[in-house]
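Undergrad: Provided herewith is a single structure, encoded as structure tokens, for subsequent inquiry.
The values are calculated or read from the model by the stated rules, or taken from the named source; none is laboratory data. Please read these numbers as outputs of a predicted model, since none were measured by experiment. Here the Cβ positions follow ideal geometry from the backbone for every residue, glycine too, while neighbour counts run over all protein chains shown. Remember, those area values only see protein heavy atoms, side chains included, never the ligands or the DNA or RNA. Shrake-Rupley method; radii C 1.70, N 1.55, O 1.52, S 1.80 Å.
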Amino acid sequence: KDEYVDVAIEQIETLPIDSDVPIVINVPVGDSGAASVSPGSMADISEIDAGLKITATIGSILLDKDVCEKMSSATENIRVSINKAVENDLTEAQKKAIGDRFALVLRAVSGSSDFHELGGNATVQIPYTLRDGQDASKLRLIHINDAGEKEIIESNYGNGIMNAKIGHFSVFYIDVVEENNGGGFPMIAIVGIVAAVVVVGVALFYIRSRN
């Protein structure tokens, strides 16, 4: 198991946290964009109904307890990563569809196995600067498969951040969508959830960093 998870859980157990407040163990990873987590630690996080947040320079991924529980079935450490897509990450069909738009790759790999379907939800936050002429209200995160087929993800943009909830890892990019066929959900709901989680996550990391 991972010592930082054990320490964080010990601290959680001493905190007077309301049961309605989401609990998050935050792992800062900087430019690498990746964290290696043991199956045992994933199980421990899930058992206390917590989430795991990977915070990178490019953005962050928050895995809910159901995702952590599924990943705990791995036989080797799980490498969870969020990185900007480079040419080698993309098929020709993806390159053609994405063009010069901002794209990223989300992955969870254990040995030779990929966790594509997450078995729960991951909340993604990506800092993004609007390009000339882009309408912030129409900006969405879009999933694109190897064949270049697109799926509009439930997402919204506000305060310089693209917020989205996803149920699978893959290649995604950000673009304006004229008609939201992906269902969408109110910006206030996303911001409320993210704000509560971030406050708790930062507090836990601060406690862990002092020990």
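Undergrad: For the stretch 98-123, which positions are open to solvent by 50 Å² or more (accessible area, probe 1.4 Å) and in contact with a helix residue (DSSP H, G or I) (Cβ under 6 Å, 6 or more places away or on another chain)?
TA: Gly119
Undergrad: So which strands (runs of 3 or more DSSP E) are wholly in the stretch 123-162 and hold at least 2 residues that are touching a strand residue (DSSP E or B) at 6+ places or on another chain (Cβ under 9 Å), free of Cβ contacts under 8 Å to residues at least 60 places away in the same chain and of a type outside the set (Ser, Thr, Tyr)? Please lay out each step first, then the result.
TA: Numbers: elements: 139-144, 150-152, 155-158.
Filter on the stretch 123-162 gives 139-144, 150-152.
Undergrad: Quick check on this structure: which one of Ile126, Ile161, Ile153 is among the hydrophobic types (A, V, I, L, M, F, W, C) and either over 30 Å from Val21 (Cα atoms) or open to solvent by 40 Å² or more (accessible area, probe 1.4 Å) (or both)?
TA: Values: Ile126 fails: either over 30 Å from Val21 (Cα atoms) or open to solvent by 40 Å² or more (accessible area, probe 1.4 Å) (or both); Ile153 fails: either over 30 Å from Val21 (Cα atoms) or open to solvent by 40 Å² or more (accessible area, probe 1.4 Å) (or both).
Testing whether each residue is among the hydrophobic types (A, V, I, L, M, F, W, C) and either over 30 Å from Val21 (Cα atoms) or open to solvent by 40 Å² or more (accessible area, probe 1.4 Å) (or both) leaves just Ile161.
Undergrad: Sticking with this one: Those residues that are open to solvent by 30 Å² or more (accessible area, probe 1.4 Å) and closer than 22 Å to Ile58 by Cβ, I need them from the stretch 133-145; list them, please. Even if it seems obvious, please write down each step before you answer.
TA: We begin by selecting, within the stretch 133-145, every residue open to solvent by 30 Å² or more (accessible area, probe 1.4 Å); these are 133-138, 145.
Gln134, Ala136, Asn145, listed by residue number.
Undergrad: In this structure, is Arg107 of a type outside the set (A, V, I, L, M) and touching a strand residue (DSSP E or B) at 6+ places or on another chain (Cβ under 7 Å)?
TA: Numbers: of a type outside the set (A, V, I, L, M): yes; touching a strand residue (DSSP E or B) at 6+ places or on another chain (Cβ under 7 Å): yes.
So Arg107 passes the test.
Undergrad: Additional query: Considering only the stretch 178-191, I want to know if a residue exists there that is modelled with pLDDT under 95, within 23 Å of Ser46 (Cα to Cα) and part of a strand (DSSP E or B).
TA: Step one: filter the stretch 178-191 for residues modelled with pLDDT under 95, giving 178-191.
Subsequent filtering for residues that are within 23 Å of Ser46 (Cα to Cα) retains 190.
Now narrow it down to the ones that are part of a strand (DSSP E or B): none.
Among the residues of the stretch 178-191, not one is modelled with pLDDT under 95, within 23 Å of Ser46 (Cα to Cα) and part of a strand (DSSP E or B), which makes the answer no.
Undergrad: In addition: Among (1) over 20 Å from Tyr173 (Cα atoms); (2) in contact with a Lys or Arg (Cβ under 8 Å, 6 or more places away or on another chain), where does Ala108 come up short?
TA: Evaluating Ala108 over (1) over 20 Å from Tyr173 (Cα atoms); (2) in contact with a Lys or Arg (Cβ under 8 Å, 6 or more places away or on another chain) leaves (1) as the failure.
Undergrad: Within the bounds of the stretch 8-30, is there any residue that is open to solvent by less than 50 Å² (accessible area, probe 1.4 Å), more than 13 Å from the chain's Cα centre (by Cα), modelled with pLDDT of 90 or more and not hydrophobic (A, V, I, L, M, F, W, C)?
TA: yes
Undergrad: Within the stretch 39-97, which residues are assigned to a strand (DSSP E or B) and either among the aromatic types (Phe, Trp, Tyr) or open to solvent by 80 Å² or more (accessible area, probe 1.4 Å) (or both)?
TA: Looking only at the stretch 39-97, we keep the residues that are assigned to a strand (DSSP E or B), and these are 50-56, 60-63, 78-84.
Passing the criteria: Arg79, Lys84.
Undergrad: Considering each of Ser113, Ser60 in turn, give the residue that is over 14 Å from Val171 (Cβ atoms), among the polar types (S, T, N, Q) and under 18 Å from the mean Cα position of the chain (by Cα). Spell out the reasoning first.
TA: On the way: Ser113 fails: under 18 Å from the mean Cα position of the chain (by Cα).
Matching residue, one of Ser113, Ser60: Ser60.
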